[in-house]
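These notes concern the structure reproduced below.
The values are calculated or read from the model by the stated rules, or taken from the named source; none is laboratory data. All values derive from a computational prediction rather than experimental measurement. Note that each Cβ is placed from the backbone with ideal geometry, even for glycine, and that neighbours are counted across all protein chains shown.
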Amino acid sequence: MRPPIRKLPKTKSVPPEPQTEVGISEEFITLGQLLKSENLIGTGGEARHFLSENPVWINGEQDDRRGRKLRPGDSVRVPGIGLYTIREKTADDPANTLNESTDA
C-alpha cells in the first residue's frame, strides 16, 4: 500500500509589484534622483543607505551606485516596492514629471 500523498500548504499569492513610467526631459537622470522623485527616500543623502539595505536591479543587473545614469528605455526594479521604466517626457505629460519645475 502506498503512503498518502502529502499536500503542500496553500500559500498566499504575492501581488505583483506596481509598475510606474517616469518621464524625463533631460538626457539622463541618476538612480539617486529617481529614488527621491518616487519618494523612496526623503533626501538625496539617504540614497547611499537605501542602496546598501535594498537590492536594486537595473536592466536585469544588480547595481548600488546612486550616480548610475538612467536613460529612456532603462528599467529599475526594487523588489517588494516597484518597477520603474524611464521614458522621454512628452508634451502631454503632467508638469510635475522629473526634471520639470512648476513655477507659479
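Taking only pairs six or more apart or across chains, which ones have beta-carbon atoms under 8 Å, a first residue in segment 83-103 that is under 17 Å from residue 33 (Cβ atoms) and at pLDDT 50 or above, and a second residue that is assigned to a loop (DSSP other than H, G, I, E, B) and polar (S, T, N, Q)?
88/25; 89/25; 89/97; 89/99; 97/25; 98/25; 99/25
Go through the residues of segment 49-68 one by one and say whether even a single one is part of a helix (DSSP H, G or I) and surrounded by 13 or more Cβ atoms within 10 Å (Cβ to Cβ).
Within segment 49-68 (the criterion being part of a helix (DSSP H, G or I) and surrounded by 13 or more Cβ atoms within 10 Å (Cβ to Cβ)), the answer is yes, since at least one residue qualifies.
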